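These notes concern the structure reproduced below.
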Amino acid sequence: MGTSYSIKLSPAPDEDQRTLLQQQVESRLEAINAQMSTYRPDSDLMRFNRSADTDWQAQPAAIVELGERASAISVLSDGRYDVTVGPLVNLWGFGN
């Protein structure tokens, strides 16, 4: 999602463990990107955001949880956090 990561372990694992760990991390990050990336037009989130359909749509559980958490944070912050502000951010030139 437009960033990088670094993992440091102590004690350092052997090469086989390191390779396995790297594969597991990359696999998990790819799964998250496939669902929630705002940089990938084919992600579940971006397909949902582009949809003009107002009917219920099946979504992965992680997307549903993300929406529920965003809504809860909005309530707790008295609306200062607004997950729906994306179109304005893009209009003003700060977004994608």
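The values are calculated or read from the model by the stated rules, or taken from the named source; none is laboratory data. Predicted model only: the values in this text are computed from it and were never measured. Neighbour counts run over all protein chains shown; Cβ positions are idealised from the backbone, glycine included. When the accessible area is computed, the model is the full protein with side chains, heavy atoms only, and any ligands, DNA or RNA have been set aside. Shrake-Rupley method; radii C 1.70, N 1.55, O 1.52, S 1.80 Å.
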What pairs can you find where one residue is in the range 1-16 and closer than 21 Å to ILE32 by Cα and at pLDDT 90 or above, the other is among the hydrophobic types (A, V, I, L, M, F, W, C) and not in a loop (DSSP other than H, G, I, E, B), and their Cβ atoms are less than 6 Å apart, with a gap of 6+ or different chains? none
Under 6 Å by Cβ, and 6 or more places apart or on different chains, what pairs join a residue from the range 27-43 that is at pLDDT below 95 with one that is open to solvent by 40 Å² or more (accessible area, probe 1.4 Å) and of a type in the set (Phe, Trp, Tyr)? none
Which helices (runs of 4 or more DSSP H) does the chain wholly contain that include 3 or more residues that are polar (S, T, N, Q) and surrounded by 11 or more Cβ atoms within 10 Å (Cβ to Cβ)? 15-36
